[in-house]
Structure formats: structure tokens, C-alpha cells
Amino acid sequence: MTDTGIRAEDRLRSAGLPATDLSPVLAEQGHPLVFATVSGAHLYGFPSADSDVDLRGAHLLPVADLVGLREGEETCSVMGDRDGVEMDLVTHDLRKFARLMLRRNGYVLEQLLSPLVVRTSDTHAELAALAPGVLTRHHAHHYRGFANTQWRLFAKQPELKPLLYTLRVLLTGIHLLRGGEVEAHLPALLDLVPAPGYVPELIAAKAEAEHGTLDGLVDAGRLRTDVEALHAELDAAQAASRLPETAGPGVHDALHDLVVRARTAC
């Protein structure tokens, strides 16, 4: 595996990431990294000054951990405080990551295609190139389910964070079903998909406090109506989508070949 070590410092800083070195967190992972990117509020375009830094990616287990009696960790987590900033790194073994890609999991695609790259490699580039082939109209189920989960959380805990997550995932899903593009950045989505006009105000309020509340910014009834309307738009986008029912021909074999090559080269 060739690690190019691209940090994309300017892009990371423009996303509101704190000026702290992320390398020690990556070093604690213990396995060769295929890639690591920034996810969470920084990727979605509504970080607060006190937001955690969510790092996500894929790693490579050694062959012995796959063929021997001792099973390797398919999912690894590293959490901790770095220079006063809470960080967590979660990675999947490349085989598990590829399988999640084939299971219509929009979350891993957002991680894979995140422009906020902390660590990359040739394998990362190949994975990203294969991503369009796994997109199907059934990715709508992922975004619909995620939105419902966040909306229920907002009902129990009426903070801006779950509300923005609800709106973000619905807009991401609509754009994906209409255009076949994964876009997780909420401010960018506002230029791509019709959205309630108050969303920029919510983003600005969230920037002031990670656990900020709605505080009268929008009427609860209007919110409910708008979220229901976005669900209807997602349903319509799925029904009219030109995306296929299943992953593109050959993509399963291509992912299999990539996993084998990456593993044996390590």
C-alpha cells in the first residue's frame, strides 16, 4: 500500500478544524491505514467551536488475523483528548468497508468521498473511483432511516444538532437520488436542492454552541411540515431516480480484487 500522506491543510482549516496535529491519533490505530478523513459536523458544514473531531476511515488487518485462530479487529476505535480537543477515530478493515459499500450504506460513502482528507493512499483513490458503481435507488432507505432517527432524537432533545442532521441527510438523499452524487455538506446542498429558508440561521446558531437549542428560531409546526415535505421529496426522487436497482455490473468483483491486492501488498 502506497501512502501519499496528503493532508490538504487549507481545506481542513477552512472547514473549521482546530489547529492541532491529528497524526498522533492516527498513529494509535495500530494497523496500516487505507485512508482517514474528517466526518461529522465539520464535513456536514455546521461545526461549533467546541465540536468533537470525528475521524473515519479504513485499515488493513494482517493476513494472519484473517486466516489464523485469532480474529483481528474489523472495527477499531481510538478516542481521546488532543490539545483540549475531543477526537475519535473509527476505522473498518478494508474488507468490511467494501462490504458496507455494497450494502447501500451512504454513511461509509460520505466518509470515503469526504474532501477533508487526513490520510490517503492509492487504494483510497481506487475505492473512491469505484463508489459511483455501488450507488442505487435503494440508498434512499439509508437516508430515510437516518433522518427518522435524528428527528426522533430532536423530539426528545430539541437541540439544533439533531435537527440539522435531519435536514442534512434528507437533502443529501434527495440530491443523491436525483443526480447520482454524494454531497454531505449542508451549505453546499442549499445551492443544489430547494430547502427551507431558515436553514442558514440554524447553522449560524449551531456555530455558537454544540448543544444550542432552537430558542424560537423556527415555529415547531413549520418545522414538522417542512421535514414531512422533504420526506415526500425523497420519496419522489427515489421513484423517479435513474439510479439502478443494484450495484453496477462488475463492481463486486472489482472491490474483491482491490481488497486482495491491497492485503497481499501490505
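Here are a few things to note about the model shown:
- Some residue of the range 197-205 being in contact with an Asp or Glu (Cβ under 7 Å, 6 or more places away or on another chain), closer than 29 Å to Arg137 by Cα and either touching a residue at least 60 places away in the same chain (Cβ under 8 Å) or surrounded by 14 or more Cβ atoms within 10 Å (Cβ to Cβ) (or both): no
- Failed item, numbered, when Val25 is tested on (1) surrounded by 16 or more Cβ atoms within 10 Å (Cβ to Cβ); (2) within 18 Å of the chain's Cα centre (by Cα); (3) among the β-branched types (Val, Ile, Thr): (2)
- Where helices (runs of 4 or more DSSP H) fall entirely within the range 133-194, those with at least 1 residues that are touching a Ser or Thr at 6+ places or on another chain (Cβ under 8 Å), touching a residue at least 60 places away in the same chain (Cβ under 8 Å) and buried (at least 20 other Cβ atoms within 10 Å of the Cβ) are at 139-156, 160-179.
- Residue check for Ala209: touching a residue at least 24 places away in the same chain (Cβ under 8 Å), of a type outside the set (Val, Ile, Thr) and open to solvent by less than 30 Å² (accessible area, probe 1.4 Å): no
- Test result for Ala229, surrounded by 12 or more Cβ atoms within 10 Å (Cβ to Cβ) and either assigned to a helix (DSSP H, G or I) or free of Cβ contacts under 8 Å to residues at least 60 places away in the same chain (or both): yes
- Tabulated pairs, the range 67-84, first on the phi > 0 side of the Ramachandran plot and open to solvent by 60 Å² or more (accessible area, probe 1.4 Å), second part of a loop (DSSP other than H, G, I, E, B) and not hydrophobic (A, V, I, L, M, F, W, C), C-beta under 6 angstrom, 6+ apart or interchain: Asp83/Thr20
- Meets criteria (buried (at least 21 other Cβ atoms within 10 Å of the Cβ) and under 25 Å from Leu17 (Cβ atoms)) for Val117: no
- Single match in Leu243, Leu234, Leu217 (criterion: open to solvent by less than 80 Å² (accessible area, probe 1.4 Å), more than 30 Å from Glu86 (Cα to Cα) and not in a helix (DSSP H, G or I)): Leu243
The values are calculated or read from the model by the stated rules, or taken from the named source; none is laboratory data. Just so it is clear, the structure is predicted and the values come from calculations on it, not from any experiment. Cβ atoms come from the backbone with ideal geometry, glycine included; neighbour counts cover every protein chain shown. Ligands, DNA and RNA are stripped out before the accessible areas are found, and what is left, the full protein with its side chains, is counted by its heavy atoms. Shrake-Rupley method; radii C 1.70, N 1.55, O 1.52, S 1.80 Å.
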